[in-house]
Each structure stands twice: as C-alpha cells, then as structure tokens.
Amino acid sequence: MAEKIIKELEFAGKPLIIETGLLAPQANCAVKVQYGETVVLVTAVAGSVREDLGYFPLSVEYEEKYYAGGRISSSRFIKRETRPQDEAILKGRLIDRSIRPLFPKDYKNETQVIVTVLSVDKENDPDIVGLIGASAVLSLSNIPWKGPIAGVRVGKTETGYVLNPVNGDLEKSTLDLVVSGSKENILMIEAGAKEVKEEELIEALKLAQTENSKVITALEEFVKESGQEKMTYAVEELNTDVKKSILDFIKESAKDELLSKDRVERESASGEFLEKIYLQFEGKLPKEDMKEIFEEEMKRMIRENIVEKDLRPDGRGLEEVRPLTIQVGILPRTHGSGLFQRGLTQVLSLVTLGSTSLQQLIENMEGEEKKRYMHHYNFPPYSVGEVNRLGPPPRRSIGHGALAEKSLIPVIPDKELFPYTIRVVSECLSSAGSTSMGSVCGSTIALMDAGVPLKKPVAGVAMGVVFKDDKYKVLTDIQALEDFYGDMDFKVAGTVDGITAIQLDVKTLKLTIDILAEALMQAKRGRLFIMEKMLAVIDKPRATLSKYAPKVEVIKIDPKKIGEVIGPGGKVINKIIEETLTEIDIEEDGSVNVSGETVEGIKKAIAMIEGIVKEIMPGEIYTGKVVKIMDFGAIVELLPKKSGMVHISQITDHHLDKVEDALSLGQEVTVKVREIDNMGRVNLTMRLTDANNGSNDDRGPRSHGGQKRDNFRRPDFRKRN
C-alpha cells in the first residue's frame with residue numbers, strides 16, 4: 001500500500017485536511033479532502049492527445065452519492081444514482097470554470113477531473129471542498145497546470161461578512177458568493193444576492209481573496225513537499241516562415257470589410273478571405289493551422305482597435321448598449337410572454353402558472369426539497385444558424401437557466417401573497433452574445449405581463465474586458481465577437497437598488513479586484529439604462545391574471561384536521577377533487593391551496609373542506625338535508641359527516657302526530673343548533689323565531705300535554721367526524 005501523506009491547514013477558522021497517496025492509486029493523482037465531516041475524493045487523469053478535436057478536451061464531473069448523506073433514494077424503482085441533478089451539474093461547472101484558464105494553451109491531452117462526495121455533514125458545502133481538492137490534485141499531479149488556486153464562499157448577515165457560512169447561516173444571508181482565484185487575480189465568481197450594493201460586493205471580494213491567498217500558500221508548501229514532476233508534452237511548431245508570409249498577406253490584402261460594423265458583411269468577408277489564404281498557401285500548412293493564424297491576427301486587430309482607439313467591432317462606444325426591441329403579450333394562450341431583443345440577441349420568455357401542488361420535488365444526498373419557482377433555458381441550433389441534433393439541455397443551458405433563476409428569485413413574491421408555482425422558459429431564438437442576461441430581461445417583462453406581483457423589476461447586462469499589455473478597456477453589453485476575442489465574460493443582474501446575481505468567467509490571469517470594481521459600476525449604469533427601456537413598455541405587473549391561468553385560493557385549517565380532509569387512502573380529498581375539478585395541495589402548517597379553472601369549482605371545494613373541518617357551535621344556523629326520519633324526530637346533515645337531531649317538538653310551533661307530517665327524506669330545512677350535550681350530541685331546532693327570542697332555547701322534549709316526559713329516552717346519537 002502506498003504511503004499516505006497528509007497536509008492540514010486552517011481554512012476560514014476550521015481545519016481543512018488534504019490527504020494523498022492512499023486512495024485511487026491508478027489515477028495520475030488523487031486527494032481526499034475533509035472539512036468538518038464533509039469529505040470528497042478528487043481524482044485527475046490525463047489521457048492521450050485527441051487529434052480529432054480542435055479544443056482542449058477537459059471534463060469535470062461532480063458526483064453526489066446518496067450514501068454520503070446516509071440516505072437511500074425514495075424512488076420505489078431506482079435505488080442507485082442516475083443522471084446528475086441540475087445542482088450537481090452547476091457545481092461541476094463552478095469547478096470547471098475555476099481551473100480551466102490555468103491549463104497551458106498548447107496542452108491538448110484529454111484530461112478528466114472527477115469530484116466524488118463521500119460524506120456530507122449538511123453544514124459545510126462540498127462544492128468548495130471539491131474546488132480546493134481539484135486545485136490540490138492538479139497541483140500535486142504530473143499534469144501541466146499553472147496553479148494552485150483556492151475558492152471560498154462568503155455570506156453577509158446582520159453581524160457582517162461570514163466565510164464559508166454553514167447552511168443555517170446562508171438562510172439568513174443577503175449574499176451567497178463563491179470566489180476562486182490566485183493570490184493576485186480573480187478567476188471565477190458565482191453569486192446570488194438580495195439587492196447587495198456594488199460596494200458591499202467589492203468588500204466581500206477582498207475578504208475572499210485574502211482567505212484564498214492563505215490556502216494557496218499552504219498548497220504551495222504541499223506541492224514542494226509531495227508534488228510530482230510535471231509531464232512534458234509535444235508542442236507542434238508552425239513553420240515560422242510560412243506563418244510570417246501568411247501574416248504579411250493578411251496585412252497587405254485585408255480589406256475594410258474584415259472589420260465591418262455589420263456582422264453579416266464581416267463574417268462573409270472573413271470567409272471569403274480565408275478561402276484566399278487556403279488557395280495562396282495550399283500545401284504549405286494544414287488548413288486548420290492557416291485558419292488559426294488568420295483568427296489570431298483578427299483577434300489582434302480587434303483588440304488593438306478597442307484598447308488603442310476605443311473602437312468596437314460594431315462601432316459602439318465602450319458603454320453603449322446595442323439597439324433594444326421589447327414586446328409583451330405576443331402569444332394568446334400563454335399566461336405571460338415577453339420578447340427581448342438586443343442587437344441580434346433575441347430571447348422569448350414564457351410564463352406558466354400552476355397550483356402549489358406542481359412544485360418540483362428535488363431529491364439529493366442531503367434530503368428532499370420543493371422548488372416553487374423554476375427557470376429553464378433552451379438554446380436551439382437555429383439560434384446561431386447551425387444544423388444540429390436536439391436533445392436534453394447541455395450543461396451550458398442548465399447553467400444559463402440557473403443564472404436567470406438566481407437573478408429573479410429575490411423579487412418573486414412570497415407564496416402567501418401569490419400562491420402559485422411559477423415556471424419561466426426562455427427560448428433563445430437568436431444568439432449574438434449575452435443570451436443569459438437577455439433571459440433575465442425577457443423573463444422580468446413576461447412575469448409582469450402574467451400579472452405576477454414582482455417586488456421589483458430586474459435587468460441584466462454582460463460586461464467584457466480587453467487587455468493589451470498593461471492597458472485594458474471595459475466593455476458594456478458584449479456581443480459574441482467580443483466574448484470570443486475578449487478576456488472576460490462578467491454577467492451582472494439586479495434591481496435599481498442592488499445586485500441579485502453575478503457570474504464571472506475569464507480567459508486571462510490579469511483580472512484584479514480594482515478592474516472588477518470598475519466593471520461593476522459600469523454594469524450598474526448599463527442595467528439601469530436597459531431597465532428604463534423595459535419599463536417604458538410595461539412599468540408594473542398587470543392587475544389581473546390571464547383568463548387561461550388557473551385560479552387559486554388559500555385557506556387555513558387546523559393541522560390536526562388534515563387527516564380528516566385527506567381521508568383513509570386519500571379517499572375524501574380525491575372525491576372533492578373529482579367532484580369540483582380542482583387541484584388541492586395541503587401543507588403541514590394547515591395551508592390548503594385550491595386551484596382550478598373556474599371560481600365556482602374552487603368555492604365548492606373550499607366549502608366541502610370547510611364543512612369537514614368546521615366545529616359546530618351552539619347558536620349557529622344551517623341549511624341541511626333530512627337524512628333519516630324516526631318516530632321522535634329527524635336526523636339532519638349539516639355538513640359532510642356532521643349531523644344533528646331535531647326532536648318532533650322542535651319541528652313546528654304546533655303539535656305534530658308524526659314527523660312525516662312535516663318532513664320527508666332529502667328535504668332541505670333551516671335549523672339552529674340548540675345545544676351540544678356532554679356526550680357530543682348535536683340538538684337542533686326548526687323553531688327559529690322562538691329560538692331567536694330564547695323562549696324555547698332551554699326547553700327539553702315535552703309530551704303532548706306539555707308536561708315533561710321524565711321517562712323519555714332516545715337512542716344514543718353521537719357527533720360523527
């Protein structure tokens with residue numbers, strides 16, 4: 001067995017233990033990382049070069065295991081883990097986005113990092129532990145990588161900022177910020193917030209970088225003690241003479257159309273010019289290499305124009321937003337719709353409202369939870385003019401939907417105010433940069449079109465940065481070309497009062513907090529400009545819901561009565577649902593959500609439920625149905641499963657020889673509750689006039705002659721529940 005090597009360091013005030021040498025001996029490297037009682041295993045394996053791919057084949061997998069939380073899946077049929085939950089995919093993306101920029105540009109070996117959660121304590125999040133584990137395993141391994149880095153989560157409560165808040169603290173936090181980076185630079189940010197100010201976010205970033213630096217120092221020491229020697233890899237050298245000739249040809253023959261402000265004209269000119277290069281230098285280099293040289297030169301020219309001349313590819317100013325087109329209510333049967341177009345980026349967002357019974361049930365290694373607001377994002381191939389197969393949403397689409405969802409969650413009304421399940425789907429119809437922020441804007445106007453009482457509208461904008469040596473320029477509302485050739489994709493969403501979500505990905509190791517601070521303030525100006533245009537189209541939620549949206553009413557019942565409403569095996573509630581054509585959802589606190597297509601059905605269902613749970617009280621008046629006739633009186637059903645008896649002497653003001661002379665089975669009668677005796681029996685009267693003035697309220701059953709019948713006894717009749 002291999003020798004086990006352990007490194008212990010302090011991380012946000014608690015011990016973090018990294019162990020290598022014992023587990024997964026056939027991987028290039030494996031580490032076990034423990035923080036509290038949360039434990040993850042992280043492995044890294046490098047394969048051969050993939051000649052058939054034109055990109056670096058890195059895959060990062062984040063695996064949640066039910067056994068880590070001491071759970072067996074609640075599914076009756078499948079007990080093993082299946083497709084990763086969206087949350088696990090997002091955590092894998094978070095780690096991927098943190099480590100990817102540090103691989104050498106010319107390293108092309110297929111590489112896989114797998115993070116497996118072995119134990120979870122429900123306090124310390126395994127995503128941060130896995131991120132540090134990924135940094136440790138790549139740093140210790142023989143795989144080329146420019147680490148180490150570190151990552152930390154920052155929260156903000158009434159008492160101030162909190163490093164790696166436990167899950168209980170996060171519920172009270174106005175900020176859930178994850179920051180990864182080196183000692184000097186920021187690499188990745190993922191955050192959800194409750195209208196946090198830009199200045200507050202900058203303070204949190206500074207705190208995160210200070211803590212990350214401590215962890216990086218400890219990892220550097222660990223690498224010196226136990227790290228492997230990095231592997232060498234082949235770098236294909238281009239013929240420098242041919243490369244220079246191609247570059248000279250581009251400079252001499254390039255036309256203005258290559259940098260045209262019109263995207264279609266620019267792309268057409270680029271395609272034609274590339275064909276000229278292929279023809280001119282045929283046989284001297286592979287076409288893939290010639291294309292790479294051309295794109296590198298295009299990148300250089302575009303970046304130089306931006307940094308040196310403040311000239312963007314489409315001619316906009318550095319802070320100028322592309323032309324906006326905004327429409328709402330464009331579809332007749334959806335509950336709400338919004339079309340948001342910015343330049344060639346076009347997103348159609350659609351809102352569907354449903355009963356709370358339609359909440360999404362999410363099962364993971366920590367248990368089960370319900371999700372009331374869902375945001376899904378679709379990116380069809382026609383949105384970029386391509387032909388491709390359709391299938392399940394890829395990781396990118398899941399990530400974009402989650403970002404839009406995170407942006408809007410702080411302004412979604414509470415369930416008590418708006419008792420609906422809400423699903424928003426953003427269909428990306430045309431993509432030319434920042435479709436995720438287009439989804440945020442489109443979804444805000446769609447939700448207002450649906451009549452959802454948002455606390456505040458939300459808008460979003462994507463920011464970029466371009467470096468040239470020690471100079472840089474920050475760009476507002478980056479388009480696809482600026483994203484592709486630029487150094488940063490920084491998405492910022494928020495209300496007029498603060499940030500609700502941010503996401504940062506970089507391609508450079510030069511990004512500092514000062515540059516991010518500048519970008520944040522510029523983003524605020526951009527999103528407020530966009531929001532002004534949105535509010536000019538629809539400035540508040542519609543006063544009424546779509547006529548096609550379900551109607552919902554909420555009532556409260558005693559939680560002890562829930563079992564009576566549900567009935568044995570759901571028999572009672574299913575009967576109500578069937579008779580009223582409604583959906584009924586009952587929560588543990590006694591909240592009953594009744595939804596349906598008609599108000600009449602909802603009111604009928606509520607009446608039936610209230611009838612089941614209502615306690616009958618003396619003095620109350622009911623209209624009931626005669627369900628049984630006896631010699632001495634009649635049984636009247638007041639409410640479902642609740643009846644009382646009206647004695648023959650309490651039916652009319654005059655003498656009756658037989659009950660049948662005044663009552664018949666099925667007859668509706670108005671009765672008043674005279675009393676509920678000490679045996680729980682409900683005694684009724686139909687003599688409402690006398691009952692109201694009290695002349696008969698205290699009279700018991702009497703004989704025909706008016707004398708009290710002391711020997712009268714009636715069968716035992718108890719209240720039935």
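The values are calculated or read from the model by the stated rules, or taken from the named source; none is laboratory data. Because the structure is predicted, anything quoted here is derived from the model rather than measured. Backbone-built Cβ (ideal geometry, glycine too); neighbour counts: all protein chains shown.
Just to be sure, is VAL215 assigned to a strand (DSSP E or B), of a type outside the set (Phe, Trp, Tyr), modelled with pLDDT of 95 or more and within 24 Å of VAL117 (Cα to Cα)?
Spelling it out, it is not the case that VAL215 is assigned to a strand (DSSP E or B), of a type outside the set (Phe, Trp, Tyr), modelled with pLDDT of 95 or more and within 24 Å of VAL117 (Cα to Cα).
In segment 400-426, which residue that is under 10 Å from the mean Cα position of the chain (by Cα) and surrounded by fewer than 23 Cβ atoms within 10 Å (Cβ to Cβ) is nearest to LEU545 (Cα to Cα)?
Ranking the candidates gives ILE409 first.
Report, by residue number, each residue of segment 637-679 that is hydroxyl-bearing (Ser, Thr, Tyr) and in a strand (DSSP E or B).
Passing the criteria: SER643, THR670.
Given the conditions (1) free of Cβ contacts under 8 Å to residues at least 40 places away in the same chain; (2) out of contact with any helix residue (DSSP H, G or I) (no Cβ under 9 Å at 6 or more places or on another chain); (3) under 23 Å from ARG322 (Cα atoms), and given that GLY526 satisfies all but one, which numbered condition is not satisfied?
It fails just one condition, (1).
Hey, does segment 268-291 have a residue that's closer than 22 Å to ASP469 by Cβ, over 39 Å from the mean Cα position of the chain (by Cα) and surrounded by 14 or more Cβ atoms within 10 Å (Cβ to Cβ)?
Looking for residues that are closer than 22 Å to ASP469 by Cβ, over 39 Å from the mean Cα position of the chain (by Cα) and surrounded by 14 or more Cβ atoms within 10 Å (Cβ to Cβ), one finds none in segment 268-291, hence no.
If you take the residues in segment 680-692 that are touching a strand residue (DSSP E or B) at 6+ places or on another chain (Cβ under 6 Å) and either modelled with pLDDT under 90 or in a strand (DSSP E or B) (or both), which one is nearest to GLU615 (Cα to Cα)?
Within segment 680-692, the match that is nearest to GLU615 (Cα to Cα) is VAL682.
Which one of the conditions (1) hydrophobic (A, V, I, L, M, F, W, C); (2) free of Cβ contacts under 8 Å to residues at least 12 places away in the same chain; (3) closer than 24 Å to GLU10 by Cα does ILE216 fail to meet, given that it meets all the rest?
(2)
Given segment 356-441, what strands (runs of 3 or more DSSP E) lie entirely inside it while holding 2 or more residues that are farther than 30 Å from GLY590 by Cβ and modelled with pLDDT of 95 or more?
In segment 356-441, 373-378, 421-430 are the strands (runs of 3 or more DSSP E) which contain 2 or more residues that are farther than 30 Å from GLY590 by Cβ and modelled with pLDDT of 95 or more.
Condition test on ALA446, is it on the phi < 0 side of the Ramachandran plot, surrounded by 24 or more Cβ atoms within 10 Å (Cβ to Cβ) and either at pLDDT 95 or above or among the hydrophobic types (A, V, I, L, M, F, W, C) (or both)?
Considered against the rule, which asks whether it is on the phi < 0 side of the Ramachandran plot, surrounded by 24 or more Cβ atoms within 10 Å (Cβ to Cβ) and either at pLDDT 95 or above or among the hydrophobic types (A, V, I, L, M, F, W, C) (or both), ALA446 comes out as yes.
Any residue in segment 259-272 that is touching a residue at least 12 places away in the same chain (Cβ under 8 Å) sitting within a Cβ distance under 7 Å of a residue that is among the basic types (Lys, Arg) and assigned to a loop (DSSP other than H, G, I, E, B)? List the pairs, counting only those 6 or more apart or interchain.
Partner pairs satisfying both residue conditions: ALA269/LYS255.
If you take just the strands (runs of 3 or more DSSP E) that sit entirely in segment 66-167, which of them hold at least 2 residues that are of a type outside the set (Ser, Thr, Tyr) and within 24 Å of TYR233 (Cα to Cα)?
Here the list reads 109-119.
Of the residues that make up segment 304-314, is at least one in a strand (DSSP E or B), crowded, with 18+ Cβ neighbours inside 10 Å and either under 34 Å from the mean Cα position of the chain (by Cα) or modelled with pLDDT of 95 or more (or both)?
no
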